[in-house]
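Contents: one structure, followed by commentary.
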Amino acid sequence: MKRETNEHIVIVGTGFSGLGMAIRLKQSGIHDFTILEQASGIGGTWRANHYPGAACDVESNLYSFSFEPNPAWSRTFAPQKEILAYLERCVEKYGLGAHIRLDSGVTAARWDEDSSEWIIDTAKGETLRARVLVSGSGGLTKPVLPDIPGLASFGGETFHSAQWDDACALDGKRVAVIGTGASAIQIVPEIAKRALHLAVFQRTAPWIMPKADRPFTDAERARFEARPLSQKLSRAAIYARNEIVALGFLGNQTMMRLGEAQATKYLHRKVQDPVLRKKLTPTFRLGCKRVLLTNDYFPALQRKNVELVTDPIERIEQGGVLTRGGVKHAVDTLVLATGFVAAEQMAPFDLRGRGGRHLNDAWKDGCEAYLGTTVAGFPNFFIVFGPNTALGHSSMIYMIESQIAYVLDAIKTMRAKGWSAVDVKPEVLRAYNEQLQTRFGGTVWSSGCASWYRTKSGRNTTLWPSFTFEFRWKTRKFDAEKYDVVTDGARRQRQAPTTPSLGAASRSDVHA
Ligand code: N01
């Protein structure tokens, strides 16, 4: 008799990655999966990041599932609440609710060689056995708290942008925002409207471009609804435009100069004060850090109640931030828009593969995966939005869907062929990553700035260093020849009491 758990798939996370994986499984007639979510609601990063002003900086007609267009987007760049509502509608439409277990973060997962299964513990105290484990636990989820002396002694309200405290009243308060990245430039204009005084602490001036954000007209929405092809064409046009931008990031100097000239012109048009303008002028190549899109950040910085502080922070003490020379900036509420652990990311949870090896051990020199998805020694473990799949120029949903197609094909292949385990060959993983790293040479990401894309040693473990269609092509089909494979027959043999245990090295029916 077939054991149900032998076919079971566990997906971790209910963001775009986890939900997209689940929908694709259902559409393929695969229903025996469970989705574990650590939070009390679905949505992943789009649930966690609900700070004032939170919105997408990629156009929504592209930042959505290809198979689930949304004719009702209110704006070209949707706000966070709408994106979360979109994901909630997906859960309902595709009947995912019954598969989801909330408040069930994975605390540990270990590979059981004998049964070729993952044994997964959750925060609720449950243990699941699964043939396949798919991590959709997100790329930017662990907040970085700045290493500023005295932070703990501040005394007032302090929170990270991704842990926004809705109960905190900002009206009439003296607020400080530390950081000027993608989150901060969305938060600052909103707080500026409410705070008595807002101090924005900038360490590095970012490149800023205007955002082509506007409400969709009723006529446009009606057209998307009545003629879905028109929305598909809009999606295709955004996609193509973004890939052209990639040309510059990948090394086309003419495009880079044009982009920098456009951003500089925008700064000059929006900021007349030469002192402020100088403070806001970036000193690194456009695209080396994420290019920020906003229309209201420069105007917000020029309000009477807002101050851009560029002197380095020396320390934080009770009720204030001290900058160079001991200048104190009195503050009631401190917002840390200081980013996330990314390049130095480790295992999403306590994960042990073949021989009890921890994923953190495999990643001690920096995280890496084959096609951003599989890691040698961790059979049947797939990461969606894994190492070197993030983008500086286009929609992550495109990359996520590419990986989902690859994982789905792997699962279908395993089932069709009666394979109990697939494990990427170590030499394949090594060669792929060696080649991938060489491709950063000559790109803007190697032009010398510090960013969340790169580790302290300078290795880029986050970005995909090419056009997204190349990644789509590479992930179009599960390439079984790159994997060591264990068949069900071999597993049964291994489980038989008279048969000596076959270790990983003696998988006799491994496909070359
Ligand atoms: O984080 P960041 P983020 N003292 O790392 C500063 C995605 N995202 O949350 O540049 C002083 O970009 C740091 O300064 P510096 C998007 O992919 C998407 O803003 O290192 N300052 C920087 O200014 C994005 O790229 C959306 O010198 C300190 C800031 O904090 C990613 O999330 C919206 C400091 C951190 O910027 C991360 O963006 C928002 C210190 N000790 C975010 N430590 C969408 O719309 C750090 N900083 C889809």
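Is it the case that E344 is acidic (D, E), closer than 20 Å to R459 by Cα and in contact with a helix residue (DSSP H, G or I) (Cβ under 8 Å, 6 or more places away or on another chain)?
Here the answer is no, as E344 does not meet what is asked.
Go through the range 440-454 and count every residue that is more than 14 Å from the ligand (Cβ to nearest atom), touching a residue at least 24 places away in the same chain (Cβ under 8 Å) and either surrounded by fewer than 19 Cβ atoms within 10 Å (Cβ to Cβ) or within 18 Å of the chain's Cα centre (by Cα) (or both). Before the answer, list the steps.
Filtering the range 440-454 down to residues more than 14 Å from the ligand (Cβ to nearest atom) leaves 440-444, 446-447.
In the following step, the residues that additionally are touching a residue at least 24 places away in the same chain (Cβ under 8 Å) were identified as 440, 442-444, 447.
If we keep only those that are either surrounded by fewer than 19 Cβ atoms within 10 Å (Cβ to Cβ) or within 18 Å of the chain's Cα centre (by Cα) (or both) too, we end up with 442, 447.
The qualifying residues number 2.
Hey, can you tell me all the residues within the range 147-204 that are free of Cβ contacts under 8 Å to residues at least 24 places away in the same chain and within 12 Å of the ligand (Cβ to nearest atom)?
Residue satisfying the conditions is D147 alone.
Got a sec? Which of E82, E88 is within 20 Å of F216 (Cα to Cα), outside any loop (DSSP other than H, G, I, E, B) and assigned by TED's automatic domain parsing to the domain that holds A416?
Selected residue: E82, the only one of E82, E88 that is within 20 Å of F216 (Cα to Cα), outside any loop (DSSP other than H, G, I, E, B) and assigned by TED's automatic domain parsing to the domain that holds A416.
Which numbered condition in (1) within 28 Å of F340 (Cα to Cα); (2) within 22 Å of the chain's Cα centre (by Cα); (3) surrounded by fewer than 19 Cβ atoms within 10 Å (Cβ to Cβ) is the only one that A152 fails?
Among (1) within 28 Å of F340 (Cα to Cα); (2) within 22 Å of the chain's Cα centre (by Cα); (3) surrounded by fewer than 19 Cβ atoms within 10 Å (Cβ to Cβ), the lone unmet condition for A152 is (2).
Residues are listed down the side, and each one gets a yes or a no for (1) closer than 30 Å to F471 by Cα; (2) among the basic types (K, R):
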| site | (1), (2) |
| --- | --- |
| N242 | yes, no |
| A246 | yes, no |
| D273 | no, no |
| K278 | no, yes |
| T294 | yes, no |
| T333 | no, no |
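Does L463 satisfy being of a type in the set (A, V, I, L, M), touching a helix residue (DSSP H, G or I) at 6+ places or on another chain (Cβ under 7 Å) and surrounded by fewer than 21 Cβ atoms within 10 Å (Cβ to Cβ)? Spell out the reasoning first.
Numbers: of a type in the set (A, V, I, L, M): yes; touching a helix residue (DSSP H, G or I) at 6+ places or on another chain (Cβ under 7 Å): yes; surrounded by fewer than 21 Cβ atoms within 10 Å (Cβ to Cβ): no.
For L463, the condition - of a type in the set (A, V, I, L, M), touching a helix residue (DSSP H, G or I) at 6+ places or on another chain (Cβ under 7 Å) and surrounded by fewer than 21 Cβ atoms within 10 Å (Cβ to Cβ) - is not met.
Where residues in the range 105-121 are within 29 Å of A343 (Cα to Cα) and crowded, with 23+ Cβ neighbours inside 10 Å, which of them is farthest from the ligand (Cβ to nearest atom)? Break it down stepwise before answering.
Of the residues in the range 105-121, the ones within 29 Å of A343 (Cα to Cα) are 105-111, 118-121.
When the remaining residues are screened for being crowded, with 23+ Cβ neighbours inside 10 Å, the result is 106, 109, 111, 118, 120.
Values: V106: 23, A109: 26, W111: 32, W118: 29, I120: 28 Å.
Once the filter is applied, the top-ranked residue is W111.
Scan the range 325-344 residue by residue and report those that are of a type in the set (S, T, N, Q) and in a strand (DSSP E or B).
Scanning the range 325-344 gives a single hit, T333.
Taking the range 74-128 only, how many residues are under 25 Å from G29 (Cα atoms) and of a type outside the set (S, T, Y)?
Number of matching residues: 20.
Among the residues that make up the range 223-233, is at least one of them modelled with pLDDT of 95 or more, over 30 Å from V335 (Cα atoms) and in contact with a Ser or Thr (Cβ under 8 Å, 6 or more places away or on another chain)?
Step one: filter the range 223-233 for residues modelled with pLDDT of 95 or more, giving 223-233.
Narrowing further to those that are over 30 Å from V335 (Cα atoms): 223-233.
Of the ones still in play, those that are also in contact with a Ser or Thr (Cβ under 8 Å, 6 or more places away or on another chain) are 223-224.
Yes, there is a match, as at least one residue in the range 223-233 is modelled with pLDDT of 95 or more, over 30 Å from V335 (Cα atoms) and in contact with a Ser or Thr (Cβ under 8 Å, 6 or more places away or on another chain).
For E88, all conditions in the list (1) within 16 Å of the ligand (Cβ to nearest atom); (2) surrounded by fewer than 20 Cβ atoms within 10 Å (Cβ to Cβ); (3) free of Cβ contacts under 8 Å to residues at least 60 places away in the same chain hold save one; what is the number of the exception?
(1)
At pLDDT 95 or above, more than 16 Å from the ligand (Cβ to nearest atom) and of a type in the set (D, E, K, R): does that describe R75?
It is false that R75 is at pLDDT 95 or above, more than 16 Å from the ligand (Cβ to nearest atom) and of a type in the set (D, E, K, R).
Among strands (runs of 3 or more DSSP E) lying entirely in the range 121-236, which contain 2 or more residues that are in the same structural domain as T462 (by TED's automatic domain parsing)?
Output list reads 127-130, 132-135.
Mind listing whichever residues of the range 304-318 are over 15 Å from L280 (Cβ atoms) and either away from the ligand (no atom under 16 Å from the Cβ) or not assigned by TED's automatic domain parsing to the domain that holds A192 (or both)?
If the condition is that a residue be over 15 Å from L280 (Cβ atoms) and either away from the ligand (no atom under 16 Å from the Cβ) or not assigned by TED's automatic domain parsing to the domain that holds A192 (or both), then K304, N305, Q318 are the ones that fit.
Output the residues belonging to the range 362-375 that are crowded, with 22+ Cβ neighbours inside 10 Å and part of a loop (DSSP other than H, G, I, E, B).
C367, E368, A369, L371, G372, T373, V375
Would the range 281-294 turn up any residue that is in a helix (DSSP H, G or I) and either within 29 Å of the chain's Cα centre (by Cα) or modelled with pLDDT of 95 or more (or both)? Walk me through how you get there before you give the answer.
First, pick out the residues of the range 281-294 that are in a helix (DSSP H, G or I): none.
No - not one qualifying residue is present in the range 281-294.
Could you list, in sequence order, all residues of the range 387-422 that are within 12 Å of the ligand (Cβ to nearest atom) and among the polar types (S, T, N, Q)?
S394, S395, listed by residue number.
Please state which of the following conditions G156 fails to meet, knowing it meets all the rest: (1) at pLDDT below 95; (2) within 28 Å of A22 (Cβ to Cβ).
Result: G156 fails condition (2) only.
The values are calculated or read from the model by the stated rules, or taken from the named source; none is laboratory data. All values derive from a computational prediction rather than experimental measurement. Note: ideal-geometry Cβ built from the backbone for every residue, glycine included; neighbour counts use all protein chains shown.
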